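To start, the structure under review is shown below, and the notes come after it.
The values are calculated or read from the model by the stated rules, or taken from the named source; none is laboratory data. Everything numeric in this text was worked out from a predicted model, so none of it was measured. For neighbour counting, all protein chains shown are included, and Cβ atoms are generated from backbone atoms with ideal geometry for every residue, glycine included. Note: areas computed on protein heavy atoms with side chains; ligands, DNA, RNA excluded. Shrake-Rupley method; radii C 1.70, N 1.55, O 1.52, S 1.80 Å.
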Amino acid sequence: MRTYYMAGNWKMHKTVAESVALANELKQALAGAKDKVMVAPPFTALAAVGQAIKGSSIILGAQNMGPDTQGAHTGEVSPLMLKELGVRAVILGHSERRHSYFETDELINRKVLLAIEQGLDPILCVGETLAEREAGRLEAVVGTQVREGLKGVARGDLPKVTIAYEPVWAIGTGKTATPDDADAVHAFIRSVVATMYDGDAAKALCIQYGGSVKPDNVAELMAKPNIDGALVGGASLKAESFVPIAAFR
Ligand code: PEP
């Protein structure tokens with residue numbers, strides 16, 4: 001049976017107490033979940049959420065990490081620090097990191113390689129802006145982000161990597177790519193991965209869709225052959241909207 005990977009990115013929302021309350025609700029409601037579920041609380045709540053979800057199958061994720069293990073890097077968080085808190089997955093190259101904090105493909109690639117080296121499973125986010133899509137540059141932009149993001153990743157490590165296709169114009173806007181449009185971009189990403197590795201690697205790759213995923217559109221998106229899960233922002237902030245997404249079937 002097909003297994004989906006449903007991830008919630010809480011972004012810069014929720015105090016520690018609010019995070020724990022949501023984690024407790026999710027732990028209870030998703031006890032029998034068929035699919036892989038991950039939550040990425042803010043850094044400040046990772047330890048407490050890690051404790052709250054202990055004993056459940058929910059994976060603890062981070063929203064970002066620094067590109068080094070230690071040193072004079074004010075404000076950064078090392079993969080070693082994340083692992084100590086029970087973090088197993090890390091979102092890298094989110095469009096908010098690319099556009100608001102000017103993260104480059106080169107920096108994101110360093111983080112992807114370091115995450116793998118340190119035993120954290122990266123979710124590499126890619127996606128075009130509306131201007132890029134309208135200028136006919138979707139494939140050039142997304143293709144480059146995939147190729148540069150995966151540079152140096154060994155074939156044997158590829159199963160640890162998830163790619164999240166998140167059209168920037170669909171994030172937090174209520175606009176969703178149609179399931180067919182999203183599926184076509186996912187198929188394109190697979191074709192890029194096939195040229196970098198091989199067809200089997202491309203077929204096995206987990207590709208999440210992200211961009212205004214909601215309880216009422218999740219089923220039609222997941223029905224598409226190239227969509228293997230969802231990276232959810234806004235709707236992951238409440239159990240009443242995330243549970244029906246994470247347990248959509
Ligand atoms: C995101 O930020 O990764 C995201 C997909 O947000 P939203 O679901 O709110 O569009």
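Counting only residues that are closer than 30 Å to Gln28 by Cβ and modelled with pLDDT of 95 or more, give me the helices (runs of 4 or more DSSP H) lying completely in region 38-138 with at least 3 of them.
Details: elements: 46-52, 79-84, 95-100, 105-117, 130-134.
Correct list: 46-52, 79-84.
Go through (1) away from the ligand (no atom under 16 Å from the Cβ); (2) part of a helix (DSSP H, G or I) one by one and return the number of the condition Val142 breaks.
So the condition that Val142 fails would be (1).
Search region 5-21 for residues that are without any contact (Cβ under 8 Å) to a residue 40 or more places away in the chain and pair each with any residue that is open to solvent by less than 50 Å² (accessible area, probe 1.4 Å) and of a type in the set (A, V, I, L, M, F, W, C) when their beta-carbon atoms are under 6 Å apart and the residues are at least 6 apart or on different chains.
Going by the 6 Å Cβ cut-off, the qualifying pairs are Val16/Ala45; Val16/Ala48; Ser19/Ala45; Ser19/Val49; Val20/Ala48; Val20/Ala52.
Are any of the residues in region 143-150 surrounded by 15 or more Cβ atoms within 10 Å (Cβ to Cβ), within 27 Å of Leu85 (Cα to Cα) and in contact (Cβ under 8 Å) with a residue 24 or more places away in the chain? Walk me through it before giving the result.
Taking region 143-150 first, the residues surrounded by 15 or more Cβ atoms within 10 Å (Cβ to Cβ) are 143, 145-150.
Remaining after also requiring within 27 Å of Leu85 (Cα to Cα): 149-150.
From what's left, in contact (Cβ under 8 Å) with a residue 24 or more places away in the chain: 149-150.
Yes, that holds for at least one residue.
Among Glu84, Glu103, Glu132, which is the only one that is of a type in the set (Asp, Glu), within 23 Å of Val192 (Cα to Cα) and more than 17 Å from the chain's Cα centre (by Cα)?
Glu132
Please go through region 1-37 and pick out each residue that is of a type in the set (Lys, Arg) and either within 16 Å of the ligand (Cβ to nearest atom) or in a helix (DSSP H, G or I) (or both).
If the condition is that a residue be of a type in the set (Lys, Arg) and either within 16 Å of the ligand (Cβ to nearest atom) or in a helix (DSSP H, G or I) (or both), then Lys11, Lys14, Lys27 are the ones that fit.
Conditions first: (1) surrounded by fewer than 19 Cβ atoms within 10 Å (Cβ to Cβ); (2) touching a helix residue (DSSP H, G or I) at 6+ places or on another chain (Cβ under 6 Å); (3) of a type in the set (S, T, N, Q); (4) under 27 Å from Asp228 (Cβ atoms). Thr3 passes all but one, so which condition is the exception?
Against the list (1) surrounded by fewer than 19 Cβ atoms within 10 Å (Cβ to Cβ); (2) touching a helix residue (DSSP H, G or I) at 6+ places or on another chain (Cβ under 6 Å); (3) of a type in the set (S, T, N, Q); (4) under 27 Å from Asp228 (Cβ atoms), Thr3 comes up short only on (2).
Taking the residues in region 95-135 that are more than 15 Å from the ligand (Cβ to nearest atom), among the basic types (Lys, Arg) and open to solvent by 10 Å² or more (accessible area, probe 1.4 Å) as candidates, determine which candidate is farthest from Asp181 (Cα to Cα).
Going through the qualifying residues, I end up with Arg110.
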